[in-house]
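Below is one structure, written out as structure tokens, with a few remarks after it.
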Amino acid sequence: MGATVVVGGYFGDEGKGKVVAYLAQRDRVHIVARGGVGPNAGHTVDVAGEKHGVRMIPSGYAHLGSRLLVGTGVLVDPRVFLQEVETLKVRGRVGVDERCGVIEERHIQYEQGNEFMAKTIGSTQSGCGSANADRVLRIARLAHQVPELRDYLTDVPRELDGALRAGKNVLVEGTQGFGISLYYGTYPFVTSKDTSASQILADVGLGPTRVEHVVVIFKAFPTRVGQGPFQTEIPPEEAQKRGIEEYGTVTGRRRRVGLWDGAMARYSAMVNGATEAALTGLDKVDPSCRGAKRLEELSPAVKEFVRRAEADTGVPFTLLSTGPEVSEIIDLRNGGRR
Ligand code: GTP
Ligand code: IMP
Ligand code: MG
């Protein structure tokens, strides 16, 4: 049995937090490991009446049986990390790879004071780009050099290898999305690293032969925060009129909203090597589907939307999300096919 990796197929904020939280519980995942850039990401987890926007801790925290690991390639902001450890009460089961790069105050200040980063790119100003630059220049500090992180240090690849060898479920959580990948996105309006499945796996130290499922997440109405091209964007007034407007988890900025982009979805599924896909926000296509847990509860319009997404990408959509809460999902894996 191999690992499952979950990545974003559009411009980020597709609902990775929600889907990862669901999978961690449903599959009783032994380890949830987070890859991606760092605390520029915000994953919303809405479970049992409690909602959190997590920036460092893996979104599977609500499943108490999961160990939570921050992968080697992920930048750690010790203040954000330690605060989330307290808020989510996960102290005994969270680990940070000893080789993670560290975000320092000067990285944040640089991004806030840099016109190109702050205005032209519309960076989250969380210090990630600047810290990754330092890592490339080989002047970054690493997690093992930060005394406050001492209790959490581990070797993430070794832990994942051990779990997989013991036949346990491993879930790898990506952050950001394909359209803001440093390599494949709309450069220069991108984040500071590749965001495709291969990179997310490198972030946690898993080689390509250790993976069984590559789940690419799309949202029915893609969104984008910050600047950069967005082929299917609709005016904000229209998004508001249709009740599909959104605001950012990290920065609170209004997200730009667009329509389904089949060409982008296809290319993204291709580069990510998708074995299957997830679709979130089906309740925004037809509010009557809110909270549906079975395929039969979906309206003809929503079923048609899913069929089109499958035709566009060439992969089966096995997880259909019908609302923000973790339990609002139709799970078609394991034979529950149409
Ligand atoms: P990044 O790693 O930052 O890209 O974030 P993410 O993919 O975890 O997504 P994020 O939580 O930032 O944004 C997704 C938003 O959609 C959140 O507000 C979720 O609560 C919400 N959401 C997730 N699934 C659904 C769904 O099926 N329907 C609706 N209406 N909202 C959803
Ligand atoms: P940075 O990664 O903070 O430098 O931001 C660069 C660009 O990526 C900006 O347009 C951000 O809005 C965007 N971005 C970075 N992380 C995320 C994310 O997790 N979700 C959505 N957009 C993101
Ligand atoms: Mg987000």
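Of all DSSP beta bridges in the chain, what percent run antiparallel (nearest 5)? Walk me through the numbers before you get to the answer.
Values: 13 of 44 bridges.
Counting only bridges with both partners in the chain, antiparallel ones make up about 30 percent.
Could you compute the net charge surrounding GLN227? Neighbours are other residues with a C-beta less than 10 Å from the C-beta of GLN227; K and R count +1, D and E count -1. Could you put the intermediate results ahead of the total?
Details: positive: LYS119, ARG224, ARG256; negative: none.
Neighbourhood net charge equals +3.
Whole Å is fine, so just give me how far the alpha carbon centre of the stretch 141-203 lies from that of the stretch 85-113.
For the stretch 141-203 versus the stretch 85-113, the Cα centre distance is 13 Å.
What are the ³J(HN,Hα) couplings of the stretch 315-329, residue after residue, when phi is run through the Karplus curve with 6.51, -1.76, 1.60 and θ = phi - 60°? Round to Hz, x for glycine and proline.
So the J values, rounded to whole Hz, are 10, x, 8, 9, 10, 10, 9, 10, x, x, 5, 4, 7, 7, 7.
In whole angstrom, how far apart do the alpha carbon centroids of the stretch 44-63 and the stretch 297-319 sit?
Here the answer is 27 Å between Cα centres.
Can you compute 3J(HN,Hα) from phi for each residue in the stretch 86-99, using the Karplus curve 6.51 cos²θ - 1.76 cosθ + 1.60 with θ = phi - 60°, rounded to whole Hz and x for Gly and Pro?
5, 4, 8, 6, 10, 3, x, 10, 10, x, 10, 5, 5, 9
Treat the count of other C-beta atoms within 10 Å as a stand-in for reagent exposure and order SER126, SER327 from fewest to most. Spell out each step's value before the answer.
Details: SER126 24, SER327 15.
Ascending Cβ contact count within 10 Å gives the list SER327, SER126.
Given a 10 angstrom Cα cut-off, can you work out which residue in PHE178, PHE221, PHE230 is the most mobile in a GNM of the chain?
PHE230
Find which of ASN169, ASN132, VAL215 sits farthest along the positive direction of the dipole of the chain, computed with +1 on the beta-carbon of Lys and Arg, -1 on that of Asp and Glu, about the Cα centre.
ASN169
Along the charge dipole of the stretch 211-332, Cβ charges K/R +1 and D/E -1, which of TYR267, VAL250, VAL315 sits furthest on the positive end?
Comparing the listed Cα positions along the dipole, VAL250 ranks first.
In deg cm²/dmol, rounded to 500, what helix-only [θ] at 222 nm does the chain give when every DSSP H run of at least 4 residues adds -39500 (n - 2.57) and the total is split over its residues?
Counting only the DSSP helices, I get -8000 deg cm²/dmol.
Quick one: dipole size for the chain, taken about the Cα centre, charges +1 on Lys/Arg Cβ and -1 on Asp/Glu Cβ, in debye to the nearest 20.
On the way: 43 positive and 41 negative charges, 76 e Å.
The dipole of the chain has a size of about 360 debye.
Ranked highest first by average number of other Cβ atoms within 10 Å, how do 308-316, 187-195, 15-23 line up? Mind showing how you got there, number by number?
Numbers: 308-316: 16.4, 187-195: 21.1, 15-23: 27.0.
In descending order of packing, they fall as 15-23, 187-195, 308-316.
Once amide H atoms are built 1.01 Å from N in the peptide plane, which residues 5 or more positions from PHE317, or in another chain, come under 5 Å H to H?
ALA277
Quick one: VAL204, VAL146, VAL225, VAL172, fewest Cβ neighbours within 10 Å first, how do they rank? Mind showing how you got there, number by number?
Values: VAL204 28, VAL146 18, VAL225 22, VAL172 31.
Lowest count first: VAL146, VAL225, VAL204, VAL172.
Any idea how far apart GLU50 and MET270 come out in nm if each label point goes 7 Å out from Cα toward Cβ?
Those two pseudo-labels are separated by 4.4 nm.
Apply the Karplus parameterisation 6.51 cos²θ - 1.76 cosθ + 1.60, with θ equal to phi minus 60°, to every residue of the stretch 161-176 and state each ³J(HN,Hα) to the nearest whole Hz, in sequence, with x for glycine and proline.
Residue by residue, the stretch 161-176 yields 4, x, 5, 5, 5, 7, x, 8, 6, 10, 10, 10, 9, x, 10, 6 Hz.
Going by amide H atoms built from the backbone, whose H comes under 5 Å of the H on ARG141, apart from near neighbours?
VAL102
Between ARG93 and LYS168, with labels modelled 7 Å along Cα→Cβ, what's the label distance in nm to one decimal, could you check?
Result: 1.0 nm between the two label points.
For ARG28 and GLU115, compute 0.36 nm times the residue count separating them, minus their Cα-Cα distance, and round to one decimal in nm. Don't skip to the end; give the middle numbers.
Numbers: separation 87, 0.36 × 87 = 31.32 nm, distance 4.55 nm.
Here the answer is 26.8 nm.
Taking the Cα centre of the stretch 141-203 as origin, work out the dipole magnitude from +1 charges on Lys and Arg Cβ and -1 charges on Asp and Glu Cβ, in debye rounded to 20. Please report the intermediate quantities before stating the final value.
Working: 6 positive and 8 negative charges, 14 e Å.
Here the stretch 141-203 has a charge dipole of around 60 debye.
From Cα pairs below 8 angstrom and at least 6 apart in sequence, can you work out the relative contact order of the chain, rounded to a whole percent?
The normalised contact order for the chain reaches 22 percent.
With the Cα gyration tensor of the stretch 1-106 giving a ≥ b ≥ c as the square roots of its eigenvalues, does the rule (a/c under 1.5 for rounded; else a/b larger than b/c for prolate; else oblate) give rounded, prolate or oblate? Don't skip to the end; give the middle numbers.
Working: a/c = 1.35, a/b = 1.27, b/c = 1.06.
Judged from the Cα gyration tensor, the stretch 1-106 comes out rounded (a/c under 1.5).
List MET270, MET56, MET264 from most exposed to least, where exposure is judged by having the fewest other Cβ atoms within 10 Å.
Result, fewest neighbours first: MET270, MET264, MET56.
Throughout, read-outs are computed from the coordinates displayed, never taken from laboratory work. Keep in mind the model is a prediction, meaning the values are calculated, not measured. Note that we place each Cβ from the backbone using ideal geometry, even for glycine, and neighbour counts take in every protein chain shown.
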